[in-house]
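Reading through the structure tokens given below for one structure.
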Amino acid sequence: MSIPISSRKIAEVAISLLLAVAIMYWIYKDFPFSQVSQCLQEEVQWGWMALSLVFGIIPQIIRGIRWRMALTPVGENPALRNCLSAVYMSFAASLIIPRIGEISRCATLKKTDGTSFPVALGTVVTERIIDSLLVLLIVSITFLCELPAFYRFLTNIDLDIHSFFATFSITGCIVSLLCTCLIIGGLVLFFRHFQSMKKFQDVFQHFSQGLISIKRVQHPSLFIILSIAIWICYFLHFYLAFFALPYTSHLGIHAGLLSFCMITIAVLVPTPNGAGPWHFAVKVVLMQFGISMDHAIMFALIVHALQTLLVILLGLYGYLTLKTTRPSPSANTYSTI
């Protein structure tokens with residue numbers, strides 16, 4: 001299902017790409033790219049990398065199962081296959097337009113199963129709240145256990161940021177200012193548009209139903225277990241990649257947890273799949289554990305590229321799967337926010 005793209009959204013995408021390109025150029029401007037091919041052919045342990053990628057697929061499957069569990073108590077019964085495909089496509093869509101995935105998967109179920117768009121969006125918001133709480137818990141525990149490492153990391157961030165603005169002072173300031181204005185302007189327009197909807201009360205009622213759906217899931221313990229499992233898999237998705245490269249294979253669980261926390265925070269910056277901030281966080285953390293800068297950014301480049309490719313392939317699989325699914329007769333034209 002196509003989602004109308006406004007000129008405002010195009011501007012957001014352009015700024016997002018500009019920010020990603022600026023950070024990536026800063027990190028890789030002196031990097032010997034000729035060594036990437038050699039590393040892929042001679043150094044990467046593909047067994048470990050494949051295992052890492054498996055744990056990139058599992059959490060998306062769990063998300064689809066968990067989402068269907070949240071929709072069932074509010075009277076929505078989409079096919080599990082469609083929920084999974086919608087989740088796959090949502091992550092791929094976010095590579096093009098950051099943060100569009102939540103809307104895209106709700107729109108997909110609207111088309112395939114006639115699922116109420118506001119109700120579906122309410123359940124997605126609830127999921128995000130739960131995920132945010134889990135991330136906060138993970139970061140807090142890691143912070144307490146790795147306080148000295150966090151201090152070194154934050155100290156180096158301060159130094160690197162000064163270096164960044166010394167090199168890209170004009171670009172960095174302009175992009176940061178535009179991103180801030182874009183976020184503020186987007187929030188203002190969102191609330192204005194939402195409040196002007198003719199069926200605001202009905203939409204808000206359905207949205208609220210989605211938000212409180214978690215209280216009525218049939219198996220709350222299973223829902224919690226699945227939510228925790230998602231983030232365990234995400235961690236393994238990243239951590240197992242350490243063993244795929246010779247210069248990171250000796251790193252332990254401490255380096256993995258610290259790196260994982262930092263990249264989880266870094267991807268909050270609205271760039272495609274965290275490109276740029278993700279690489280920056282990995283580079284700085286790995287260097288704290290004695291990895292050279294070239295090896296750190298080599299690891300970041302290869303792992304992020306393969307993880308992004310996986311997201312694209314899953315998105316294509318979800319799209320092709322839905323191509324064979326007949327749209328629900330109850331699916332009506334929806335209005336996007």
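Entry comment: accessible area of segment 25-108 is 43 Å² per residue, from protein heavy atoms only and a probe of 1.4 Å. Shown for segment 47-152: the carbon plus sulfur share of the solvent-accessible area, taken with all protein chains present and a 1.4 angstrom probe, equals 74%. Measuring nothing but protein heavy atoms, the accessible surface of segment 258-303 at 1.4 Å probe radius is 72 percent carbon and sulfur. The distance linking segment 251-330 with segment 13-74 is 3 Å (Cα centroid to Cα centroid, whole angstrom). Per residue, the accessible area of segment 226-279 comes to 30 Å², computed with a 1.4 Å probe over protein heavy atoms only.
The values are calculated or read from the model by the stated rules, or taken from the named source; none is laboratory data. Since the structure is predicted, the reported quantities are computational estimates derived from the model, not experimental observations. In case anyone asks, the SASA skips ligands and DNA or RNA and just uses the protein heavy atoms, side chains included. Shrake-Rupley method; radii C 1.70, N 1.55, O 1.52, S 1.80 Å.
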